[in-house]
């Protein structure tokens, strides 16, 4: 059996977050990095298989401060020896699939083959709607939503995933 860690990083204690704008306090971010570093190094020593981070944006309140899981992966991988690092997941409808493929391929090279990848469709409209307007012009879709917004979100996800797979498996990428 393999054991993994999954983080949705937050800044500070409940009291610190509820006092307002925790995302604007650098000392809380540095403390979060330090605490997760300690956890990840221990997990590496104990033989855990992997650690992963989610992707969320615009959480100035201090909740969900993982706007670039690939950078977090690299940060923690540089402090460990064998644990794999990944994302659960990069929100493909709000991303450029070529950049995602390149970033994860570079992460894999920089970590000596310890990168893994996970992707998501995105459901938090407050940021998916903003981030996706330059890529697909789609909206976040809730898990229980079954309408044209959900269909467009799913189509964008599937297209991005297909492009990433081609980028990783074909010597020359062509798409449509």
Applying the selection to the stretch 28-60, what residues are at positive phi and at pLDDT below 95?
58
Check on residue 25, more than 30 Å from residue 175 (Cα to Cα) and either modelled with pLDDT of 95 or more or within 14 Å of the chain's Cα centre (by Cα) (or both):
no
Somewhere in the stretch 70-93, is a residue buried (at least 16 other Cβ atoms within 10 Å of the Cβ), out of contact with any helix residue (DSSP H, G or I) (no Cβ under 7 Å at 6 or more places or on another chain) and closer than 11 Å to residue 10 by Cα?
no
Considering only the stretch 76-84, I want to know if a residue exists there that is in a loop (DSSP other than H, G, I, E, B), without any contact (Cβ under 8 Å) to a residue 40 or more places away in the chain and closer than 24 Å to residue 125 by Cα.
no
What residue, of 122, 140, is on the phi > 0 side of the Ramachandran plot, part of a loop (DSSP other than H, G, I, E, B) and either modelled with pLDDT of 90 or more or in contact with a helix residue (DSSP H, G or I) (Cβ under 7 Å, 6 or more places away or on another chain) (or both)?
122
Exception for residue 50 within (1) free of Cβ contacts under 8 Å to residues at least 60 places away in the same chain; (2) surrounded by 15 or more Cβ atoms within 10 Å (Cβ to Cβ); (3) farther than 29 Å from residue 130 by Cα falls at (1)
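The values are calculated or read from the model by the stated rules, or taken from the named source; none is laboratory data. Quick caveat, the model's predicted, so the values are computed rather than measured. Glycine also receives a Cβ, built like all others from the backbone with ideal geometry; neighbour counts cover every protein chain displayed.
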